[in-house]
1. State whether the residues of the stretch 105-123 include one that is assigned to a loop (DSSP other than H, G, I, E, B), charged (D, E, K, R), at pLDDT 95 or above and within 15 Å of the ligand (Cβ to nearest atom).
2. Are there any pairs with C-beta distances below 7 angstrom linking a residue in the stretch 80-95 that is more than 14 Å from E24 (Cβ to Cβ) to a residue that is open to solvent by 40 Å² or more (accessible area, probe 1.4 Å), with the two at least 6 apart or on different chains, and if so which?
3. Restricting to the stretch 138-176, name every residue that is modelled with pLDDT of 95 or more and of a type in the set (D, E).
4. Quick one: which strands (runs of 3 or more DSSP E) lie wholly within the stretch 1-66 and hold at least 3 residues that are within 15 Å of the ligand (Cβ to nearest atom) and in contact (Cβ under 8 Å) with a residue 60 or more places away in the chain?
5. Determine, yes or no, whether K223 is surrounded by fewer than 15 Cβ atoms within 10 Å (Cβ to Cβ), within 10 Å of the ligand (Cβ to nearest atom), of a type in the set (D, E, K, R) and farther than 22 Å from D188 by Cβ.
6. For the stretch 186-214, which residues satisfy the criterion of being hydrophobic (A, V, I, L, M, F, W, C) and within 13 Å of the ligand (Cβ to nearest atom)?
7. Does T65 meet the test of being under 28 Å from A212 (Cβ atoms) and at pLDDT 95 or above?
Amino acid sequence: MEKLNEYLSKYKGFIFPTYILSVEHIDSLQNFEIRDSDVFLVTYAKSGTIWTQNIIMSICDSECTDETEFPNNMKKMPWLEYPQGSMDYSTRASPRFFTSHLNTVLMPPGLREKKPKIVYVARNPKDLAVSYFHFCRVWTKLETPRSFEEFLQKFIAGDVGGSSWFDHIRDWYTHRDDFNILFLTYEDMVTDLKTAVEKMSRFLGRDLDAEAVSRVVEKSTFKNMKKDPKANYDFFPEDVIQGKFMRKGTVGDWKNTFTVAQSEMFDEIYQEKMKDLPLKFIWDIE
Ligand code: A3P
């Protein structure tokens, strides 16, 4: 493990927040036993992870074990890469649900053999960078950037927790045929949440009827999640989060932060790095 600064460390080529990294745990994932019935949500940070957790858990609600056992999303659908006390996943009832920001190399090899379901959510990197910048300012375990410019340079270089966004999306997109993946974008979810919920429910093998879809949609709107302490990180103490996790939840907010010069510079790098990937993002909605 290489300590990069007070907040970040690199292990096996991937950058983790130091406070939560356990190299033994990351190593142990190479022997992590996957079940066919497992469900994974994979994202780069700030892509709508907690939102999608909420949707997946609502879709599969009928199969979740006792609510009181899992007081919030993070316990119901834990981060694979971060040890959760003495929680033993091998004794969890199926279907198990996991969340991860890891790249494909660090994931359990069994994901390629057993083909459990993986939902991958991507977000346009300009909105994502702004969301990440704000998150670093409220999440006390991450370095507070001095300015957006400073953060943007680090984000582009991949010198942030989760390493490079460009590498993450390329890695998962180019290896998509090795896995059983449903690719979605945050922008798809913002513009048509109902269709996104229907797609997810079909993929997860729970073909919900129209009424159930409406219930999931209603529960997952920004307004309603903001009111739900299980889903909006209000369960974290103030010394961990000093501000709101549910910030804006929109597409195109980057325009309020990027200068024209930053936007042009970013576009140029984006075109260069992404030119061979057939991915199209929505950058703004009127
Ligand atoms: P903003 O900071 O742009 O508002 P993650 O869960 O991966 O950390 O992503 C956080 C982003 O998802 C934040 O974006 C947050 O507001 C947004 N988000 C969370 N719940 C949402 C919802 N129900 N609808 C839209 N956006 C949501």
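The values are calculated or read from the model by the stated rules, or taken from the named source; none is laboratory data. Quick caveat: nothing in here was measured; it's all calculated off a predicted structure. Neighbour counts run over all protein chains shown; Cβ positions are idealised from the backbone, glycine included. When the accessible area is computed, the model is the full protein with side chains, heavy atoms only, and any ligands, DNA or RNA have been set aside. Shrake-Rupley method; radii C 1.70, N 1.55, O 1.52, S 1.80 Å.
1. Yes, the stretch 105-123 has at least one match.
2. Taking only residues 6 or more apart or on different chains, the pairs are S90/E33; A93/T65; S94/R35; S94/S37; P95/S37; P95/E63.
3. E149, E150, D159, D167, D171, listed by residue number.
4. 39-43
5. no
6. M189, V190, L193, A196, V197
7. no
Yes/no per residue for (1) polar (S, T, N, Q); (2) within 12 Å of the ligand (Cβ to nearest atom); (3) open to solvent by 90 Å² or more (accessible area, probe 1.4 Å):
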{"position": "L184", "(1), (2), (3)": "no, no, no"}
{"position": "E218", "(1), (2), (3)": "no, yes, yes"}
{"position": "F245", "(1), (2), (3)": "no, yes, no"}
{"position": "V260", "(1), (2), (3)": "no, no, yes"}
{"position": "E272", "(1), (2), (3)": "no, no, yes"}
